[in-house]
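Colleague: Before I ask anything, let me first share the structure, which is written out below as structure tokens.
The values are calculated or read from the model by the stated rules, or taken from the named source; none is laboratory data. Just so we're clear, the structure is a prediction, and the values are computed from it rather than from any experiment. So basically every Cβ, Gly included, is an ideal-geometry build from the backbone, and we count neighbours across all protein chains shown. Each accessible area value is taken on the protein alone, full model and side chains, heavy atoms only, with ligands, DNA and RNA left out. Shrake-Rupley method; radii C 1.70, N 1.55, O 1.52, S 1.80 Å.
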Amino acid sequence: LLFVLPDGWKEEFNDRTDSLSTTEYVPVGQSGDGWDEMLTIQILLDKPSSDPVKMMSGITKYLSKDCSAFDYKPIDIGGIDNNYPSLAVLVLCGREKDESQGYVSLLRGISGEENYFLLQIKFLTENL
């Protein structure tokens, strides 16, 4: 996966376990605790040629557990990206549990030969 960090953004968090690599980015001037926009790249390691529909179904189910008024919509941006199956969804979270805000997020999952890649941009909102 080739990723170019947008101008004006900085890495805020990075972690890797045996099965997951996560990196979070926020605009300069924001922090991991106080952000309005966040880019997240996750690599689910050793998930070769995963079905993007099944993977995204599991991801949206996981995200829905922490949200009231949760909804998601698949976005047709093409199912193949450089010969790698992919799927994008728009996620709407009315309010995160234990938080005062919700979010709107665009997720794109890409199935690689060895790993599954999840790219997410998230925007905080007032309660939806």
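Colleague: Contact list please: Cβ distance under 8 Å, first residue in the stretch 15-31 and without any contact (Cβ under 8 Å) to a residue 60 or more places away in the chain, second residue open to solvent by 70 Å² or more (accessible area, probe 1.4 Å) and outside any strand (DSSP E or B), pairs at least six apart or on different chains.
Modeller: That search, which allows pairs on different chains as well, returns SER19/ASP46; PRO27/ASP36; GLN30/ASP36.
Colleague: Working only within the stretch 97-118, note down all residues that are farther than 15 Å from LYS47 by Cβ and touching a strand residue (DSSP E or B) at 6+ places or on another chain (Cβ under 6 Å). Step through it out loud before you land on a result.
Modeller: Of all residues in the stretch 97-118, those farther than 15 Å from LYS47 by Cβ come to 97-108.
Of everything in the stretch 97-118, those that are farther than 15 Å from LYS47 by Cβ and touching a strand residue (DSSP E or B) at 6+ places or on another chain (Cβ under 6 Å) turn out to be GLN101, GLY102, TYR103, VAL104, SER105, LEU106, LEU107, ARG108.
Colleague: Which members of the stretch 53-74 meet the condition of being surrounded by fewer than 17 Cβ atoms within 10 Å (Cβ to Cβ), closer than 22 Å to ARG95 by Cα and hydrophobic (A, V, I, L, M, F, W, C)?
Modeller: Answer for the stretch 53-74, where residues must be surrounded by fewer than 17 Cβ atoms within 10 Å (Cβ to Cβ), closer than 22 Å to ARG95 by Cα and hydrophobic (A, V, I, L, M, F, W, C): just ALA69.
Colleague: Another one. Applying the selection to the stretch 75-99, what residues are open to solvent by 100 Å² or more (accessible area, probe 1.4 Å) and more than 17 Å from GLY112 (Cβ to Cβ)?
Modeller: Matches in the stretch 75-99: ASP76, LYS97, ASP98, GLU99.
Colleague: Identify, please: which residue in the stretch 108-128 is in a loop (DSSP other than H, G, I, E, B) and open to solvent by less than 40 Å² (accessible area, probe 1.4 Å) and is, among those, modelled with the highest pLDDT?
Modeller: ASN115
Colleague: Among the residues of the stretch 16-38, write down those that are under 20 Å from LEU106 (Cα atoms) and of a type in the set (D, E, K, R).
Modeller: Across the stretch 16-38, the qualifying residues are GLU24, ASP36, GLU37.
Colleague: If I filter the stretch 3-14 down to residues being assigned to a strand (DSSP E or B) and among the hydrophobic types (A, V, I, L, M, F, W, C), which single residue comes out as surrounded by the fewest Cβ atoms within 10 Å (Cβ to Cβ)?
Modeller: Selected residue: PHE13.
Colleague: Quick check on my filter: what residues within the stretch 15-52 are of a type in the set (Val, Ile, Thr), farther than 25 Å from GLU113 by Cα and open to solvent by less than 50 Å² (accessible area, probe 1.4 Å)?
Modeller: VAL26 - this is the single residue of the stretch 15-52 that is of a type in the set (Val, Ile, Thr), farther than 25 Å from GLU113 by Cα and open to solvent by less than 50 Å² (accessible area, probe 1.4 Å).
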